[in-house]
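**Q** Take this structure, written in structure tokens, and hold onto it; I'll ask about it next.
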Amino acid sequence: MNKLMSYLLPGVFLIVAFALVKTFLLPPSVTVQEWFVYLTAAVTVLCVMVPCIIYYLRTPPGIDHK
């Protein structure tokens with residue numbers, strides 16, 4: 001589980017960085033656009049799913065590497 005968390009940590013940092021940029025640097029006229037809402041959702045999903053997929057491919061279930 002610690003290995004999975006180490007894969008997820010960069011994604012979490014990217015989500016936080018994206019949220020900070022969205023909050024402080026982008027004007028509200030951009031953040032309320034429909035395409036930007038979809039982009040925000042896509043970035044969030046990718047930042048969580050991609051590390052999980054990489055973890056699964058490197059350590060498939062049922063294989064113990066201890």
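Only the coordinates and a few stated rules stand behind these numbers; no lab work does. In this text the structure is predicted, and so the values were computed from the model without any measurement.
**Q** For the chain, what does the relative contact order come out to in percent, with C-alpha contacts under 8 Å and a separation of six or more? Walk me through the numbers before you get to the answer.
**A** Values: 23 pairs, mean separation 36.0, N = 66.
Reported relative contact order: 55 percent.
**Q** Using θ = phi - 60° and the Karplus curve 6.51 cos²θ - 1.76 cosθ + 1.60, what whole-Hz ³J(HN,Hα) does each residue of segment 47-55 get, with Gly and Pro shown as x?
**A** Along segment 47-55, the couplings run 5, 9, 6, 4, x, 5, 5, 4, 4 Hz.
**Q** Related question: For helix 2-24, report the angle its Cα long axis makes with the longest principal axis of the Cα atoms of the chain; keep it between 0 and 90° and round to the nearest 10°.
**A** Between helix and principal axis, roughly 0 degrees.
**Q** So what is the calculated 222 nm ellipticity per residue for the chain, using -39500 (n - 2.57) for each DSSP H run with n of 4 or more, over all residues, to the nearest 500 deg cm²/dmol?
**A** Working: 3 runs with 52 residues, N = 66.
Computed ellipticity for the chain at 222 nm equals -26500 deg cm²/dmol.
**Q** Work out how far the C-alpha atoms of the chain reach from end to end along every principal axis, then list the three figures in whole Å, largest first.
**A** 51, 19, 11
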